Amino acid sequence: NNNNVTSLKVASPASNVAVELADIDWDNLGFGIMNTDYMYIMKCSHGENFSKGELQRFGNIELSPSAGILNYGQGLFEGLKAYRKHDGNILLFRPEENAQRLRMGAERMCMPSPTVDQFVEAVKATVLANERWIPPAGKGSLYIRPLLMGTGAVLGLAPAPEYTFLIYVSPVGNYFKEGLAPINLIVETEMHRATPGGTGGVKTIGNYAAVLKAQGAAKAKGYSDVLYLDSVHKKYLEEVSSCNVFVVKGNVISTPAIKGTILPGITRKSILDVALSQGFKVEERLVSVEELLDADEVFCTGTAVVISPVGSITHLNKRVSYGGSDGVGRVSQQLYSALTSLQMGLTEDKMGWIVEL
Ligand code: COI
């Protein structure tokens, strides 16, 4: 009922007055784009540093047809989330980690990048400007998408002469249509996501276009997504199209080590620490595809997916199923609860990961 939705008000930490939430169906958020009020834009020339950005009304941007990002894929993105706490305060999760990862990626892609402080301040400003789009506590989060791109015009292959750092946001719910129900993966045996020495370890836009074909084929066969193997030995796990992968056996939680072909996920890193603090043994190493056969549980982590339990994995026509009676394994459930209650401000932040606005 729309009248109820428009009358939803929450205390605002920014202004100390009640803020009227956007008139949308907060109970049925998926992971889709919704146009919000403001975006953040900051520009600089090649060889210079970013200095000053500004909030603008959200809308289309103008690009030269020969912009570096359009022609040669000189672009990176980030993803992080803001949660609304029950008391109305707004929480970010480890935003400085995204800033640092963007800086690493920018170095690989020959782009200037904002400082950690510039990044975090820009994220805060964008979130506060779009405050009415942050879902009520427990209904989802505000997904924050920073972009760094070569927007200057080039024709010969070279770094673009001008760069734009942009942030937009969108309210989101669950990433996979399964919600928190287990997803079904298929191991990709022909196509690869990344190669040693390539850009698989940074969040460049091209890494994500490269997985669409295998992902589309998997979805057409009824799978949720694809699990990639390394391109050299074709036997070690890498990651799923948009998330990292973990294998649980007894008290040991293993995940592929970061070695340049795997995205260094911030949720991945956080889950390793949470698991350690809960008494699990954690291993970052080569994890062979055979290990899936006798694993107790498998789960995926990412900013967008948070933690997604894996219900089954199909490899060369063999299907292995995991999890308890409802398909959600005990360890996946335990880590999911620990991480999300921290992110939503329901448990004390002993790690110092939460930035409160
Ligand atoms: C995220 O998890 O935030 C990502 O950047 C993955 C993206 C494909 C949604």
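Candidates Ala275, Ala304: the one that is within 16 Å of the ligand (Cβ to nearest atom), in contact (Cβ under 8 Å) with a residue 12 or more places away in the chain and either of a type in the set (A, V, I, L, M, F, W, C) or not in a loop (DSSP other than H, G, I, E, B) (or both) is Ala304.
The requirement of being polar (S, T, N, Q), at pLDDT 95 or above and more than 23 Å from the chain's Cα centre (by Cα) is satisfied by Ser64. Annotation note: of Ala137, Ala122, Ala99, Ala129, the sole residue that is among the small types (Gly, Ala, Ser), within 16 Å of the ligand (Cβ to nearest atom), buried (at least 17 other Cβ atoms within 10 Å of the Cβ) and closer than 29 Å to Asn89 by Cα is Ala99. Just one residue in the set Cys44, Cys110 is under 15 Å from Gly152 (Cβ atoms), assigned to a loop (DSSP other than H, G, I, E, B) and more than 16 Å from the ligand (Cβ to nearest atom); that residue is Cys110. Applying the set (1) in contact with an Asp or Glu (Cβ under 8 Å, 6 or more places away or on another chain); (2) crowded, with 16+ Cβ neighbours inside 10 Å to His315 leaves exactly one unmet item: (1). Among residues of the stretch 260-272 being more than 16 Å from the ligand (Cβ to nearest atom) and touching a residue at least 24 places away in the same chain (Cβ under 8 Å), the one that is farthest from Ala194 (Cα to Cα) is Gly260. Just one residue in the set Glu284, Glu291 is of a type in the set (D, E, K, R), more than 16 Å from the ligand (Cβ to nearest atom) and assigned to a helix (DSSP H, G or I); that residue is Glu291. Look at the stretch 64-86: where a residue is of a type in the set (Val, Ile, Thr) and a partner is not in a loop (DSSP other than H, G, I, E, B), sitting 6+ places away or on another chain with Cβ atoms under 8 Å, you get Ile69/Gly75; Ile69/Met149; Ile69/Gly150; Ile69/Ile205. Give me the residue from the stretch 236-259 that is in contact with a Leu (Cβ under 8 Å, 6 or more places away or on another chain), within 12 Å of the ligand (Cβ to nearest atom) and not polar (S, T, N, Q) and, out of that set, nearest to Ile186 (Cα to Cα). Of everything passing the filter in the stretch 236-259, Val240 is nearest to Ile186 (Cα to Cα).
The values are calculated or read from the model by the stated rules, or taken from the named source; none is laboratory data. Since the model is a prediction, treat every value here as computed from it, not as a measurement. Cβ atoms come from the backbone with ideal geometry, glycine included; neighbour counts cover every protein chain shown.
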